[in-house]
Each structure stands twice: as structure tokens, then as C-alpha cells.
1. Looking at the range 181-189, is at least one residue farther than 18 Å from ASP9 by Cβ and either hydroxyl-bearing (Ser, Thr, Tyr) or modelled with pLDDT of 90 or more (or both)?
2. Inspect all residues belonging to the range 141-157 and state whether any of them is of a type outside the set (Asp, Glu) and not in a helix (DSSP H, G or I).
3. Taking the condition surrounded by fewer than 18 Cβ atoms within 10 Å (Cβ to Cβ), among the aliphatic types (A, V, I, L, M) and under 23 Å from SER128 (Cα atoms), does LEU24 pass?
4. For the range 161-172, which residues satisfy the criterion of being in contact (Cβ under 8 Å) with a residue 12 or more places away in the chain and either in a helix (DSSP H, G or I) or in contact with a Gly (Cβ under 9 Å, 6 or more places away or on another chain) (or both)?
5. I'd like to check something: does the range 130-140 contain any residue that is under 21 Å from ALA28 (Cβ atoms), under 18 Å from the mean Cα position of the chain (by Cα) and either modelled with pLDDT under 95 or in a helix (DSSP H, G or I) (or both)?
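The values are calculated or read from the model by the stated rules, or taken from the named source; none is laboratory data. Predicted model only: the values in this text are computed from it and were never measured. All Cβ positions, even for glycine, are placed from backbone atoms using ideal geometry, and neighbour counts span all protein chains on display.
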Amino acid sequence: MLGLKLPTDPRWVNIVEKNIHEILTDHAFCEQKAASTAISLMVRYPEESELVEAMIALAQEELSHFEMVHQLIIERGWVLGRERKDEYVRDLQQFFPKGGSRMDQLVHQLLYAALIEARSCERFRLLSESIADKALQKFYRKLMISEAHHYTLFLKLARQYGKDEKTVNQKWEALLEFEAQLMSQLGKKESIHG
């Protein structure tokens, strides 16, 4: 369903289980950045009313997810650590050339967001099925469903705002191939994307 070309090695869950605090901190910042991305899209494209409406709802949902992850951290007697650099997102966002029309830039941003949500969904599925902590299994199962909705929303919007669906689909396939190359180097840290 997600179209990912390289699945996460299931052993990634073993890395995560060695440092739950680290994965929760990284996850919290991922949710915060997702809310920030939605707000940024509203600011950059205020004339696109359908996009703005979708991003209002998304920003609110992502902030609620941040709050839920933060609460898990607090309940476990920890504090939210400092923000980590997300090398996956940084490297992924180098794929499309800079410049182009505003709508091309929007489509590229939407495709990046769709792929980030798809990878998060895939990782949350792994956690919901394999992590020993039953409370976290349930938590990640719920969030996996949300991430799947976000993925399909961003992909739908990219196709809507693209010049033609065929071109958008070609860009999407090329981005998926590029992401698979990135993922072949990752999966060795307790982070949502790394």
C-alpha cells in the first residue's frame, strides 16, 4: 500500500528497545516538525483554500500527537531531550532541484511529506507488531493508522496541484527509488527515520 521500495529491517526494533527514551524523544520532534510543515504550507500558499483547510486539521492532529508522545515521556519519569537532526529528511529533501514554479515547489513539498509519512507509518507498524512493551504496541498501532491517512492526503494533494497526474506519479516513483537508496544506509539508530 505504501509503495516503499525497501522495507525496514525488522531488527531495527531491537535497536529501538535498547533506548525507548531516545525513540520517544525523536518521535516527539517528528510530530512537532510535521505540525510545523503543515503551518508552513498554510503560510506559503494561503490562496489554496483546500490546502489551507487540510493543513489546519493536520497541524492540530500532529500537535496532539506531539502532546501524546510528550505525555508518555513524562509518565515514564523522563524529560523531552534536545532536538535531533533528522538526516533522513535532510537528505531526502535534496532530491528535487531547487527553483521552479511555486506549484512545482508545492508538489515537491507534498511528495516529500507523503514519503516521510509513509516511512513513519511503516516504522510504526513494525513497532506495533514487534516491540515488547504492550502499551507502546497499542500506542503505535493507533498512530500507524493516522500516518497512513496523512500519507494518502499528501499524495492526493500532490496529484491535485501537479500539472498532470502522470508527471506527479513519475516524480513519486523516482523519489521512492531515491529513498530506498537512502534507507539502505539507515536503520541503525533508535530514530523514527534513521
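1. From the range 181-189, those farther than 18 Å from ASP9 by Cβ are none; that's our starting set.
The answer is no; no qualifying residue exists.
2. Within the range 141-157, the subset of a type outside the set (Asp, Glu) is 141-146, 148-157.
Of the ones still in play, those that are also not in a helix (DSSP H, G or I) are none.
No, the range 141-157 contains no residue that is of a type outside the set (Asp, Glu) and not in a helix (DSSP H, G or I).
3. Numbers: surrounded by fewer than 18 Cβ atoms within 10 Å (Cβ to Cβ): no; among the aliphatic types (A, V, I, L, M): yes; under 23 Å from SER128 (Cα atoms): yes.
When the stated conditions are applied, LEU24 does not pass them.
4. Taking the range 161-172 first, the residues in contact (Cβ under 8 Å) with a residue 12 or more places away in the chain are 161-163, 168, 171-172.
TYR161, VAL168, LYS171, TRP172, listed by residue number.
5. yes
Results for (1) over 14 Å from the mean Cα position of the chain (by Cα); (2) of a type in the set (Ser, Thr, Tyr); (3) modelled with pLDDT of 95 or more, shown as yes or no for each residue.
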site: LEU63; (1), (2), (3): no, no, yes
site: GLY77; (1), (2), (3): yes, no, yes
site: ARG84; (1), (2), (3): yes, no, no
site: TYR88; (1), (2), (3): no, yes, no
site: ALA114; (1), (2), (3): no, no, yes
site: GLU117; (1), (2), (3): no, no, yes
